[in-house]
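*Asks:* Structure incoming, see below.
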Amino acid sequence: MAKTELIESVEFSYDLVEKDQAEKLRYCAREINKLKEKFAVSAMGIGEMLCIAHDQLANYNKGTFVKWVQFECGFSTASAYNYMSAFKVFGSFPKVGNLEDSAMYVLASKDTPEKARKEVLKLAEKGARITHKQANEIIKKHASPKGEQGAAQPPSPAPAEPPKPEPTKDELLKLELKKVRSYAEYLQ
């Protein structure tokens, strides 16, 4: 099966509706796609901030990070770790907006074969929009056969980062200001 056969093509004909409705629908589609891209960028920002917070709380009792996430962010543990994993895998990928959020999370899983990620990234770079279903199909295609022992794909290594020094108060204030500005731009 060719790679392009995995990506379903659903078509909609604007001939089904009146001309003025078609224009409004095209406008809505453009705006929705812009917002989806902003959401993906926001998800990367959330993942980055959660990674920083996780590093800050790493030396405390087990469960401190989870309590902080639930209290301050209102996220479940699974959601927080999904954001963090997605950031670690896709944080520097410029076409992250072409990945549906649930596709991003499943592709960022430690169990996802690296070949599957690479295929999805190539497709997204070419402009393909990747859904959760499509991501799962690509992962399944690259998964090791069940009968093979020890043939599982190793998890992709997280990008190597040098240990971060403790941020100063000025750096923390600048970071907070950057978050506020980013959020303000998102709201506009």
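Each value in this text was obtained by applying a stated rule to the coordinates, not by laboratory testing. No experiment lies behind these values; they were computed from the predicted model shown. No Cβ is skipped: glycine too gets one built from the backbone with ideal geometry, and neighbour counts run over all protein chains shown.
*Asks:* May I ask you to order 46-52, 73-79, 28-34, 103-109 by the average number of other C-beta atoms within 10 Å around their residues, highest value first?
*Replies:* Top of the packing list down: 103-109, 46-52, 73-79, 28-34.
*Asks:* With r as the distance between the Cβ atoms of S102 and K24 and R0 = 25 Å, compute the FRET efficiency 1/(1 + (r/R0)^6) and round to 0.05. Present the calculation step by step, with values, prior to reporting the outcome.
*Replies:* Details: r = 28 Å, r/R0 = 1.12.
Plugging the Cβ-Cβ distance into 1/(1 + (r/R0)^6) gives 0.35.
*Asks:* With r as the distance between the Cβ atoms of Q70 and D111 and R0 = 35 Å, compute the FRET efficiency 1/(1 + (r/R0)^6) and round to 0.05.
*Replies:* Numbers: r = 25 Å, r/R0 = 0.72.
For D111 and Q70, the calculated efficiency is 0.85.
*Asks:* Still on this structure: Sorted by average packing, counted as other Cβ atoms within 10 angstrom per residue and highest first, what order do 120-126, 12-18 take?
*Replies:* 120-126, 12-18
*Asks:* Also, I was wondering about something else. Structure shown: which of K62/K178; K67/K95; K34/K88; K24/K88 lie over 27 Å apart, alpha-carbon to alpha-carbon?
*Replies:* K62/K178; K67/K95; K24/K88
*Asks:* Where does region 23-156 land on Rg(C-alpha)/(2.2 N^0.38 Å)? Can you show the working numbers first?
*Replies:* On the way: Rg = 16.8 Å, N = 134, 2.2 N^0.38 = 14.1 Å.
Relative to the 2.2 N^0.38 Å estimate, region 23-156 comes out at 1.19.
*Asks:* I've got another one for you. Name the residue from F87, S109, G63 whose Cα lies farthest towards the positive end of the charge dipole of region 3-110, charges +1 on Cβ of Lys and Arg and -1 on Cβ of Asp and Glu.
*Replies:* In region 3-110, that residue is G63.
*Asks:* Another question, if that's okay. R0 = 22 Å: FRET efficiency of F39 with E125, Cβ-based, nearest 0.05?
*Replies:* After rounding to 0.05, the efficiency reads 0.70.
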